[in-house]
Amino acid sequence: MHEQSRQTDVAVIGGGVVGLACALELAREGASVCVLERDRIGGACSYGNAGWLTPSMALPLARPGQIHKVMRWLLDPESPFYIRPRADPALVAWLFRFLTASRRGPFERGAAALVALSRFSVDAWEQLARTPGSEPFGFARNGLLSIYETPRGIEVARSTAALTERFGVPFESWTADEVREREPAVRGSQIGGLFFPQDAHCEPYPAVRALAASAKDAGVDLVENVEVLGVDRNSSSLHAVRTTHGRVSAKDYVLAAGAWSGSLGRRLGVRIPVLGAKGYSLVVPPLRPHPRRSLYLAERKIAVNPHADSLRISGTLELVGEDLSINWRRLEAIVKGARGILALGEPLGETQIWRGLRPCMPDGMPVIGRARGCRNLWLATGHQMTGLKTAPGTGRLLAELMSGRTPSFDAAPFRADRFGNGS
Ligand SMILES: Cc1cc2nc3c(=O)[nH]c(=O)nc-3n(C[C@H](O)[C@H](O)[C@H](O)COP(=O)(O)OP(=O)(O)OC[C@H]3O[C@@H](n4cnc5c(N)ncnc54)[C@H](O)[C@@H]3O)c2cc1C
């Protein structure tokens, strides 16, 4: 078989929003960069997510006081966070780490770092939206309104909002009447809301396309339909990656393969305890009246994003690994949940259904940095529910670490070797 080979300064594996943001930053610094994507750019988890750019919600998944909730979720197939009980050693190890990571100290440091990454990123998305010639992607900074139906729900949320406020994310408390008056699309038994005026939203796939176009303009070579299969390496560095279209050799490699980073990482010689958590989004016809801003139906854990001519409703988190099958019961639970607060059509009307795999680390923090035991392999993965809202910051942080500069963010909570991921 004839094999082609390609040479570049940096080969980024995975053309989702995170890989693209890293590629763009590295190219801006003068490196020759290629992105190797086995399918099409932005076609996986970055395609149909909720489209929220919300530092107010950029928090690690693992939180203090989680253990009782997890036990309840385990037993309820309609809960917003579902773990089908199964004898899977990777799942058991993941859950053990998840529960032990939910301590207040690491949570608060991680939260501060993620919020900082997200605030930087939302500004970067805004800048991209304003760049002359950039493809429009529905960027709007209209804020996020989080809606509560129980006194306990709003009380817990206020304490979390007070925490993110310390990290520079302001909020306002709205009464039930203020919610109805300012957001007439909301009905049902809500008792009040928290409003985060600096949050933004966008249409996810157009946003990724705009980012890809920007990376291409900066000189990045975007290569689709090329799958990375394995690697040539010695004990301390990679020489080349083997792909379906020959070898690619680079000075440095960035693994940004989302929920597949665990299985691919093993082939590259690193262990990354990332697990795919499936979620769904539905795009339905617009409401009358249509929401003015993003809404979070907090107790139902449903995200609502008003596009110009449609409504996107997203939710559920099911730890599944790499399984992309559709669980209709969970999809119906999202529609049923949204109907409790919004006047969705009955029947829904023309609907697009999408599902994706959030790459989740057990401590709920992305991994951004050099892989332990491999000099020229860098990791940018594990962004759980925050990949879109933290991608530009991730790119900036990774580029700073790769060039040995002092990082602009607290890099410690993202360290790639915190789980001992050597080969
Ligand atoms: C329902 C839902 C709602 C969400 N809402 C939000 C939100 O509102 N805001 C937010 O910030 N985040 C949200 N997220 C999370 C967000 O979508 C992810 O964090 C983000 O898309 C992860 O990006 P990524 O680039 O790491 O992964 P992906 O987008 O999955 O990209 C990884 C890429 O790697 C490629 N790849 C894998 N293996 C190989 C290989 N061997 N060779 C070459 N390429 C390979 C894949 O094909 C894929 O394109 C949501 C997720 C879901 C499921």
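Assorted remarks:
- Among the residues making up the range 369-407, those that are of a type in the set (Val, Ile, Thr) and within 8 Å of the ligand (Cβ to nearest atom) are 381, 386, 390.
- One residue stands out in the range 1-32 among those that are assigned to a loop (DSSP other than H, G, I, E, B) and aliphatic (A, V, I, L, M): the one that is modelled with the highest pLDDT, namely 31.
- Some residue of the range 178-188 being without any contact (Cβ under 8 Å) to a residue 12 or more places away in the chain and under 15 Å from residue 299 (Cβ atoms): no
- Helices (runs of 4 or more DSSP H) within the range 53-133 that include 3 or more residues at pLDDT 95 or above and out of contact with any helix residue (DSSP H, G or I) (no Cβ under 6 Å at 6 or more places or on another chain): 104-130
- Set 241, 248: member being outside any loop (DSSP other than H, G, I, E, B) and crowded, with 23+ Cβ neighbours inside 10 Å: 241
- Flag for residue 299 being part of a strand (DSSP E or B), touching a helix residue (DSSP H, G or I) at 6+ places or on another chain (Cβ under 7 Å) and charged (D, E, K, R): no
- Of residues in the range 282-296 being part of a loop (DSSP other than H, G, I, E, B) and not basic (Lys, Arg), the one farthest from the ligand (Cβ to nearest atom): 289
- For the range 305-333, a residue qualifies if it is touching a helix residue (DSSP H, G or I) at 6+ places or on another chain (Cβ under 7 Å) and without any contact (Cβ under 8 Å) to a residue 40 or more places away in the chain, and exactly one does: 313.
- Failed criterion for residue 232 (all others in (1) surrounded by fewer than 22 Cβ atoms within 10 Å (Cβ to Cβ); (2) over 22 Å from residue 287 (Cβ atoms); (3) under 26 Å from the mean Cα position of the chain (by Cα) hold): (3)
- Those residues of the range 186-209 which are among the small types (Gly, Ala, Ser) and surrounded by fewer than 23 Cβ atoms within 10 Å (Cβ to Cβ), in sequence order: 188, 189, 192
- Test: residue 170 is away from the ligand (no atom under 16 Å from the Cβ), assigned to a loop (DSSP other than H, G, I, E, B) and under 23 Å from the mean Cα position of the chain (by Cα): yes
- Qualifying residue in the range 198-209 (condition: in contact (Cβ under 8 Å) with a residue 12 or more places away in the chain, β-branched (Val, Ile, Thr) and more than 10 Å from the ligand (Cβ to nearest atom)): no
- Test: residue in the range 100-114 that is touching a residue at least 60 places away in the same chain (Cβ under 8 Å), within 30 Å of residue 216 (Cα to Cα) and within 16 Å of the ligand (Cβ to nearest atom): yes
- Criterion: more than 8 Å from the ligand (Cβ to nearest atom), surrounded by fewer than 24 Cβ atoms within 10 Å (Cβ to Cβ) and closer than 27 Å to residue 242 by Cβ - qualifying residue of 31, 23: 31
- Contacts under 6 angstrom Cβ, first residue in the range 223-250 being more than 9 Å from the ligand (Cβ to nearest atom), partner basic (Lys, Arg) and in a strand (DSSP E or B), 6 or more apart: 230/242; 240/247; 248/6
- Selection from the range 255-281 of residues that are near the ligand (Cβ under 10 Å from one of its atoms) and part of a strand (DSSP E or B): 255, 276, 277, 278, 279, 280, 281
- Beta carbons closer than 6 Å, at least 6 apart along the sequence or on distinct chains, pair a first residue in the range 24-47 that is under 21 Å from residue 360 (Cβ atoms) and of a type in the set (A, V, I, L, M, F, W, C) with a second that is in a loop (DSSP other than H, G, I, E, B) and within 11 Å of the ligand (Cβ to nearest atom) for 44/16.
- Residue match in the range 343-352 (condition: away from the ligand (no atom under 13 Å from the Cβ), in contact with a helix residue (DSSP H, G or I) (Cβ under 8 Å, 6 or more places away or on another chain) and in contact (Cβ under 8 Å) with a residue 24 or more places away in the chain): yes
- Figure legend. Inter-residue proximity from the range 373-394: first residues farther than 17 Å from residue 52 by Cα, second residues near the ligand (Cβ under 7 Å from one of its atoms) and in a helix (DSSP H, G or I), beta-carbon distance below 6 Å, spacing 6+ or different chains. Indicated pairs: 380/18.
The values are calculated or read from the model by the stated rules, or taken from the named source; none is laboratory data. Since the model is a prediction, treat every value here as computed from it, not as a measurement. FYI the Cβ positions are ideal-geometry reconstructions off the backbone, even for glycines, and counts take in every protein chain you see.
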